[in-house]
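The values are calculated or read from the model by the stated rules, or taken from the named source; none is laboratory data. Values in this document were obtained by computation on a predicted structure and should not be read as measured data. Counting neighbours? That spans all protein chains shown, and the Cβs are built from the backbone with ideal geometry, glycine included. Keep in mind that these areas ignore ligands, DNA and RNA; they rest on the heavy atoms of the full protein, side chains included. Shrake-Rupley method; radii C 1.70, N 1.55, O 1.52, S 1.80 Å.
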Number of protein chains: 2
Amino acid sequence: MYNSVGRDLPEQVAGRTLQPYQGPASFRPTGRRYGPPLKAVFPGESKVLGSLREAITRTGLSDGDTISFHHHLRNGEAVVNMVVSELARLGLKDITLAPTALFPVHEPLIEHVKNGVVTAIHGSLNGPVGAFASPGGVFKEPTVLRSHGGRARALASGDLHVDVAFISAPVADDYGNCNGAFGDSAFGAMGFPAADARYADQVVVVTDNLQPYPVTPASISQTQVDYVVQVDSIGDPQGIKTGTMEITKSPSRLMMAQQVVRLLAEAGIITDGFSFQAGAGGTSLAVTKFLHDYMRQHHITGNFVMGGITGFVVDMLEDGTISTILDAQSFDLRAVESIRRNPRHVEVSHIEFGDPHTGGCVVNRQQACFLGATEVDVDFNVNVNTHSDGMLLHGIGGHQDAAAGSDVTIILVPLLRGRIPVVRDRVTTVSTPGDVVDVIVTDQGIAVNPRRDDLLESLRGSHLNLVDINDLYARATRLCGEPRRPVLGDEVVAVVEYRDGTVLDTVHSVRGW
Amino acid sequence: MYNSVGRDLPEQVAGRTLQPYQGPASFRPTGRRYGPPLKAVFPGESKVLGSLREAITRTGLSDGDTISFHHHLRNGEAVVNMVVSELARLGLKDITLAPTALFPVHEPLIEHVKNGVVTAIHGSLNGPVGAFASPGGVFKEPTVLRSHGGRARALASGDLHVDVAFISAPVADDYGNCNGAFGDSAFGAMGFPAADARYADQVVVVTDNLQPYPVTPASISQTQVDYVVQVDSIGDPQGIKTGTMEITKSPSRLMMAQQVVRLLAEAGIITDGFSFQAGAGGTSLAVTKFLHDYMRQHHITGNFVMGGITGFVVDMLEDGTISTILDAQSFDLRAVESIRRNPRHVEVSHIEFGDPHTGGCVVNRQQACFLGATEVDVDFNVNVNTHSDGMLLHGIGGHQDAAAGSDVTIILVPLLRGRIPVVRDRVTTVSTPGDVVDVIVTDQGIAVNPRRDDLLESLRGSHLNLVDINDLYARATRLCGEPRRPVLGDEVVAVVEYRDGTVLDTVHSVRGW
């Protein structure tokens, strides 16, 4: 069974019939949103429990259940490991984790996978857990990889059913009102758990900072919360910054970032009302910085920046270059500080950010976004999940959502990484389809998707180094030879969903390289 | 079939099997929340329609469907009449209205009831439409009267199914993000339509003030909105103030208000952290004013006031007497101005305010509330819906919710209104059960519900004029004779639901008085 990006898919995986991807606007959902159980809390009833152990027992968590977490603290996140350790101590088995993402800090999970406490994970596997899963033989069913918007969609549709959501919060009251902006563990916007709070059957708020009722603003409302547990620490906000948040120092990356701004300017896209999605990688930060400079120099005022918000975007808000920040995930402590006090720095959930099966999400209103990749191919397909050796080391994040929504989606990649070609005939894994990718900016030329004749037309006569994507691929192979490919096994270790729930690709077990 | 407040109920009304009320904490819901349809809006698709007529046709509204509205503009509300006129022009019939409340301004609906466009109304009927319905023979099924929290519950459970919600907003963008705080028609907090936006199958935002995307804060999120229609005016914010918002000048009412504060103080309830629900009637405003004076004099700081918010509560926030305002409905223009700029003046929805079938609502955390009544009886039951002549002239509002949630629920009523006794052997209609009513303060004595022996104990030795409720009733009859009762017909014109969906009472057609 082939989908429209040419990937051969099994008809079924782990009892689920796969619906092949057929284009970004070919699938309209039917059916209704998932309805979690009605409940009642009467006056005088307390929600505060003494420990995570008590939360596990009171929610009635059982073998085979699914629990969810968010990763706002990224590599500083501490609650997943605490909860899973407690599950192990209580002798629970066969638990499915549905985190928004896992990070290197979650490496201890591997022990709990080995001992049968955790038997499936549906969510982004960044780093060690992904590396552990890649050879196969690890989980009872493949990991489902979803974009941020796609995960919200899956919760809403019931495709991803969560028995108990654990929502960690740096400030909460005894009724569960909580937000991410205050307290020693503050991480800023709290966009991820909104969907879990709305669709999980039960919700436990875990906090290290219990404050008098009512805590406001309530990113998660008391009406959505069953229990509140206080712990010593939900994690370390310094962990937010892992591996990102420094502007690139590479001259070639800086040049690429400058070319993005020049391309958008030449195409007539940066005008009053311009809105874009900012990223937090080193090159994306440079784009934001250069956009800021350009808009200020040309007295252009933008409507909003959606993020991945950092201090670079806060600067744009504070000097009036943009009117509003929409923030679902704050990426540095300046963003955390800004969302706390600036009413124009507005929290949105990942439902608002990117759930495609709603009345319309924020990404639909973005003029541009700037994204990275591990690989791209001559069909403009993008891989962000696997490395060229087949190892599953990254999640999709908001990549698909931003690409699908934005008028112009720009991928910034070097032509090569060491001796490995980044521009290829065929990506190892299709994470984002070429249907929604418009421009690939490399250090050796810029390729515009031929589908975008409007963009090509508006760039006619440009002195930018516009090239054919096939020429980029030819150059990469001239320099490094044909791309080397991993030796793959039969096992499907992950299913890559498009944000609408159709299937883009599968990730197979890696047997060699 | 008798319920626990002694009302004889039919087993079925209009094909619905009634579940009798059996006490405020006797019913726990089963089942799941209603799931409206999944939908998709792709980039580039517009939601803006040219007219209400186009909204009606594009949503596919058909004979027999249900549409909903909110009443934040109260007697200044203009959208109900506009939409129903358009339904009539389009020849639609047999429409059920599910407004949060109707006001005298909605009297033109009567024509559309007579001509068959509207054949049922589920929502508060204040004034002319209620008077029109009271003799019976008007609607195809009885009106269901619900509290604000009960209505949110009914939407969530699917008991009240809405095909299309019309949400009027004084500011909105072309994607439907909107709030109540800005624009010429600003009415402040926008608590009512949150439940409609979440559970209606389709949502139309009607605005007279379309602003650039993104409008923030988004009380209603773009993800919940299908269409946006711009009209000349959604109504007149001066209409918010109808019949309320002036502090009483009556010496006996002022004395009652003072006694409320004295009672709470003597019972040891007004201490740091004190939180209460404010009302907007003339006597309730006096209570708020006197509480403010008392707390300031005694250097007591409260946690929150839930409202019905007026300038009197804003004063408490601004001088630090309370820490937070939770506002679901603003009752004067000072409240509107405050919610616009003060981050401690926080909007909450009526789901948060009072939906009993959630993880716990705000009313559960109130120490006290002060409410009015048309009648009370010796069992502490309260009538707010009908007059003693049986006429259905008022909605339940937040009455049941506040009473059920608050530690101490105080009803303020005169013993008599003219020659009509207010304290009776049996209220004409049970709107709020005596189970959740603690104190009745009259101009001729204060009756504490004997169920509250804790309160009676804490008031032992008080010089307040504490009396037996039966003595108040005896005094009323001594002065006016036995209460006169209306002559009622067989037709059930309204069903009075308790907030949990069980049935407190029915309102019968009035044949004479």
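If the condition is being within 11 Å of chain B (Cβ to nearest Cβ), open to solvent by 40 Å² or more (accessible area, probe 1.4 Å) and not in a loop (DSSP other than H, G, I, E, B), then region A:1-46 contributes only A:32.
For residue A:77, the stated conditions do not hold, so it cannot be described as open to solvent by 20 Å² or more (accessible area, probe 1.4 Å), in contact (Cβ under 8 Å) with a residue 12 or more places away in the chain and under 20 Å from the mean Cα position of the chain (by Cα).
On inspection, residue A:323 passes the criterion of being of a type in the set (Gly, Ala, Ser) and within 14 Å of chain B (Cβ to nearest Cβ). Would you mind stating whether residue A:507 is in contact (Cβ under 8 Å) with a residue 60 or more places away in the chain, in a strand (DSSP E or B) and more than 30 Å from residue A:358 (Cβ to Cβ)? So residue A:507 does not fit the description; no. Check region B:57-68 and report whether any residue there is in contact (Cβ under 8 Å) with a residue 40 or more places away in the chain and part of a helix (DSSP H, G or I). There is at least one residue in region B:57-68 that is in contact (Cβ under 8 Å) with a residue 40 or more places away in the chain and part of a helix (DSSP H, G or I).
For the residues B:309, B:351, the requirement of being hydrophobic (A, V, I, L, M, F, W, C), farther than 28 Å from residue B:423 by Cα and either open to solvent by 10 Å² or more (accessible area, probe 1.4 Å) or within 11 Å of chain A (Cβ to nearest Cβ) (or both) singles out B:351. Filtered by the rule that a residue be in contact (Cβ under 8 Å) with a residue 40 or more places away in the chain and within 20 Å of residue A:30 (Cβ to Cβ), region B:211-224 gives a lone residue, B:224.
The set of residues in region A:190-208 that are of a type in the set (A, V, I, L, M, F, W, C) and within 13 Å of chain B (Cβ to nearest Cβ) comprises A:194, A:195, A:197, A:200, A:203, A:204, A:205. Residue check: is residue B:218 over 18 Å from residue B:79 (Cα atoms), hydrophobic (A, V, I, L, M, F, W, C) and open to solvent by less than 10 Å² (accessible area, probe 1.4 Å)? No: the conditions fail for residue B:218. Take region B:433-473 and flag every residue that is open to solvent by 40 Å² or more (accessible area, probe 1.4 Å) and assigned to a helix (DSSP H, G or I). The answer is B:435, B:453, B:454, B:456, B:457, B:458, B:470, B:471. For region B:283-306, a residue qualifies if it is open to solvent by 10 Å² or more (accessible area, probe 1.4 Å) and either out of contact with any helix residue (DSSP H, G or I) (no Cβ under 7 Å at 6 or more places or on another chain) or within 14 Å of chain A (Cβ to nearest Cβ) (or both), and the qualifying residues are B:284, B:293, B:296, B:297, B:298, B:299, B:300, B:301, B:303. For region B:260-269, the count of residues that are more than 24 Å from the chain's Cα centre (by Cα) and either part of a strand (DSSP E or B) or not assigned by TED's automatic domain parsing to the domain that holds residue B:449 (or both) is zero. Taking the stated definitions as given, is residue A:356 open to solvent by 10 Å² or more (accessible area, probe 1.4 Å), facing another protein chain (nearest Cβ under 9 Å), under 24 Å from residue A:440 (Cβ atoms) and modelled with pLDDT of 95 or more? Yes. Looking at region B:5-53, which of its residues are free of Cβ contacts under 8 Å to residues at least 40 places away in the same chain, charged (D, E, K, R) and closer than 30 Å to residue A:404 by Cα? The one that is free of Cβ contacts under 8 Å to residues at least 40 places away in the same chain, charged (D, E, K, R) and closer than 30 Å to residue A:404 by Cα: B:45. Exactly one residue out of B:382, B:346 is open to solvent by less than 10 Å² (accessible area, probe 1.4 Å), assigned by TED's automatic domain parsing to the domain that holds residue B:407 and touching a helix residue (DSSP H, G or I) at 6+ places or on another chain (Cβ under 9 Å), and it is B:382.
Of the listed requirements (1) surrounded by 15 or more Cβ atoms within 10 Å (Cβ to Cβ); (2) more than 14 Å from chain B (Cβ to nearest Cβ); (3) among the polar types (S, T, N, Q); (4) over 21 Å from residue A:170 (Cα atoms), residue A:59 misses just one: (2).
For the criterion of being over 23 Å from the mean Cα position of the chain (by Cα) and over 30 Å from residue B:356 (Cα atoms), residue B:226 fails. In region A:398-420, the residue that is farthest from the other protein chains (Cβ to nearest Cβ) out of those that are closer than 26 Å to residue A:103 by Cα, among the small types (Gly, Ala, Ser) and crowded, with 24+ Cβ neighbours inside 10 Å is A:398. When A:211, A:238, A:224 are checked against the criterion of being away from chain B (no Cβ under 14 Å) and not acidic (Asp, Glu), A:238 stands alone in meeting it. Return a yes/no flag: does region B:359-371 have any residue that is surrounded by fewer than 24 Cβ atoms within 10 Å (Cβ to Cβ), modelled with pLDDT of 95 or more, away from chain A (no Cβ under 14 Å) and closer than 30 Å to residue B:509 by Cα. No, the conditions are met nowhere in region B:359-371. The set of residues in region B:172-188 being within 14 Å of another protein chain (Cβ to nearest Cβ) and either among the hydrophobic types (A, V, I, L, M, F, W, C) or under 18 Å from the mean Cα position of the chain (by Cα) (or both) consists of B:172, B:178, B:181, B:182. Counting residues in region A:243-252 that are open to solvent by 10 Å² or more (accessible area, probe 1.4 Å) and within 14 Å of another protein chain (Cβ to nearest Cβ) gives zero. Only a single item in (1) of a type in the set (Val, Ile, Thr); (2) more than 14 Å from chain A (Cβ to nearest Cβ); (3) farther than 29 Å from residue B:73 by Cα is not met by residue B:271, and it is number (2).
Would you be able to tell me the number of residues in region B:326-343 that are open to solvent by less than 10 Å² (accessible area, probe 1.4 Å), among the hydrophobic types (A, V, I, L, M, F, W, C) and more than 7 Å from every other protein chain (Cβ to nearest Cβ)? Selection size over region B:326-343: 3.
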